[in-house]
Amino acid sequence: MEGKELEQLIGKNFHYYQTGQVADYIPALAEVDPKQLGMAIYDLDTKQLIEGGDADVRFAIESMSKVPVLLLAIKDNGIEKVFQTINTEPTGFAFNSIMNMEINHRKHPMNPFVNAGAIATTSLIAGKDADEKFERIISFMKEICDDPDITLNEEIYHSESRTGDINRSLAYYMKGNQMIEGDVPEILDAYFRQCSVNVTATGIAKLAAVLANKGIAPWNGNRLITEESATIVKSIMTTAGLYDESGEFSVHVGVPAKSGVGGGLMAAVPNRYGIGVFSPALDPFGNSAAGIQLLKDVVKELDADIFE
Ligand code: GLN
């Protein structure tokens, strides 16, 4: 695909932002301009990056952080320990639902991409306190997104922390039921910060390209994660990456993907593409409204539906 074609598809799908709304349960996100749409595609075959629209605009990574943090937790603890703590089952519940821990006879959070499972994942990151955990998380994000300019968005972080009572309740529930270990306020502080990191669609495309490329950064040939962890993470993205919209997304788009309430979407097409999308107006499930429509067209154009 050429940049020109991507710009055309962005133009065609732009109006879908009107079908969504920016997240308002985190006050700082409510101030983001909904009229934005951008995409970056890293082509593993040509090693070229195709960018269009608002691909270079910085926005909050939010739940897409659950991917690099899971990868880091696996590096720190190994696959076995991580998935003894967090299950890998999809859930039909909203991302912040308490049901993601309760309807589960195994008494573990159901998967690492709902908030409960993500907070449990952050609890496994090595580091004596929130500062140390977050330092390790942000350095890993810089490396895997190939983006040294990634920073913490202080405004979003304070907004998340101030209004994060549902996340607090999930974390204390897990601690009270011995689902997680460690100091809950420190774990939550690291979690709020990991969600508030500013990324671009381009950086997200590069992260997805590492997943698509079996764990090797295609821009320099360095192995950043094991092939097994890249495979596992793509599987969980397929079954649970878009919360209670994962099934519909799989049917209509058909690529392993992960969303965030900042309006981001990452998609990793095995052995072919890493894709990053940004458009902040969200559908009722908390996934980017125009982002999904654009991704659907691009996947079709690239013949990239993994189920075809
Ligand atoms: N920081 C957000 C939260 O914890 C992330 C949720 C999301 O992106 N779906 O509520």
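The values are calculated or read from the model by the stated rules, or taken from the named source; none is laboratory data. What you see is a predicted model; the values in this text were computed from it and never measured. A quick note on method: Cβ atoms are made from the backbone with ideal geometry, for glycine too, and the neighbour counts reach across all protein chains shown.
Quick one: in segment 61-104, of everything that is outside any helix (DSSP H, G or I) and closer than 19 Å to residue 168 by Cβ, which residue is farthest from the chain's Cα centre (by Cα)? Reasoning before the result, please.
If we filter segment 61-104 for residues that are outside any helix (DSSP H, G or I), which is where we start, we get 61, 78, 86-98, 103-104.
Now restrict to residues that are closer than 19 Å to residue 168 by Cβ: 86, 93-98.
Numbers: 86: 17, 93: 17, 94: 15, 95: 12, 96: 15, 97: 18, 98: 20 Å.
In this case the residue turns out to be 98.
For segment 148-170, what are the residues that are more than 16 Å from the ligand (Cβ to nearest atom) and more than 16 Å from the chain's Cα centre (by Cα)? Working first, answer last.
From segment 148-170, those more than 16 Å from the ligand (Cβ to nearest atom) are 148-151; that's our starting set.
The answer is 148, 149, 151.
Taking the options 169, 159, 139, name whichever one is surrounded by 14 or more Cβ atoms within 10 Å (Cβ to Cβ) and of a type in the set (Gly, Ala, Ser).
Working: 169 fails: surrounded by 14 or more Cβ atoms within 10 Å (Cβ to Cβ); 139 fails: surrounded by 14 or more Cβ atoms within 10 Å (Cβ to Cβ).
Going through 169, 159, 139 in turn, just one is surrounded by 14 or more Cβ atoms within 10 Å (Cβ to Cβ) and of a type in the set (Gly, Ala, Ser): 159.
Please go through segment 63-109 and give me each residue that is buried (at least 17 other Cβ atoms within 10 Å of the Cβ), of a type in the set (A, V, I, L, M) and away from the ligand (no atom under 16 Å from the Cβ), ordered by number.
Listed by number, the residues that qualify are 71, 72, 73, 74, 82.
Can you name every residue in segment 169-195 that is of a type in the set (Ser, Thr, Tyr) and closer than 16 Å to residue 138 by Cβ? Even if it seems obvious, please write down each step before you answer.
To start, the set of residues in segment 169-195 that are of a type in the set (Ser, Thr, Tyr) comprises 169, 172-173, 191.
Scanning segment 169-195 gives a single hit, 191.
If you take just the helices (runs of 4 or more DSSP H) that sit entirely in segment 193-308, which of them hold at least 3 residues that are of a type in the set (S, T, N, Q) and either outside the structural domain of residue 50 (by the TED database) or more than 16 Å from the ligand (Cβ to nearest atom) (or both)? Talk me through it step by step, then tell me what you get.
Working: elements: 201-212, 227-240, 246-252, 289-302.
Where helices (runs of 4 or more DSSP H) fall fully within segment 193-308 and carry at least 3 residues being of a type in the set (S, T, N, Q) and either outside the structural domain of residue 50 (by the TED database) or more than 16 Å from the ligand (Cβ to nearest atom) (or both), they are 227-240.
Which one of these is over 20 Å from the mean Cα position of the chain (by Cα) and of a type outside the set (A, V, I, L, M, F, W, C): 142, 175? Explain how you work it out, then say what you get.
Numbers: 142 fails: over 20 Å from the mean Cα position of the chain (by Cα).
Every option except 175 fails the conditions.
From the residues in segment 17-39 that are within 16 Å of the ligand (Cβ to nearest atom) and of a type in the set (Val, Ile, Thr), which one is modelled with the lowest pLDDT?
Within segment 17-39, the match that is modelled with the lowest pLDDT is 26.
Answer yes or no as to whether residue 123 is touching an Asp or Glu at 6+ places or on another chain (Cβ under 8 Å), in the same structural domain as residue 67 (by the TED database) and within 16 Å of the ligand (Cβ to nearest atom). Give the steps one after another, and end with the answer.
On the way: touching an Asp or Glu at 6+ places or on another chain (Cβ under 8 Å): yes; in the same structural domain as residue 67 (by the TED database): yes; within 16 Å of the ligand (Cβ to nearest atom): yes.
Yes, satisfied.
So residue 149 clears everything in (1) surrounded by 14 or more Cβ atoms within 10 Å (Cβ to Cβ); (2) at pLDDT 95 or above; (3) not basic (Lys, Arg) except one condition, right? Which one?
It is condition (1) that residue 149 fails.
Hey, which of the helices (runs of 4 or more DSSP H) in segment 114-183, taking only ones fully inside, have at least 2 residues that are closer than 21 Å to residue 224 by Cα? Break it down into steps so the answer makes sense when it comes.
Values: elements: 115-123, 130-144, 154-163, 165-176.
It comes to 115-123, 130-144.
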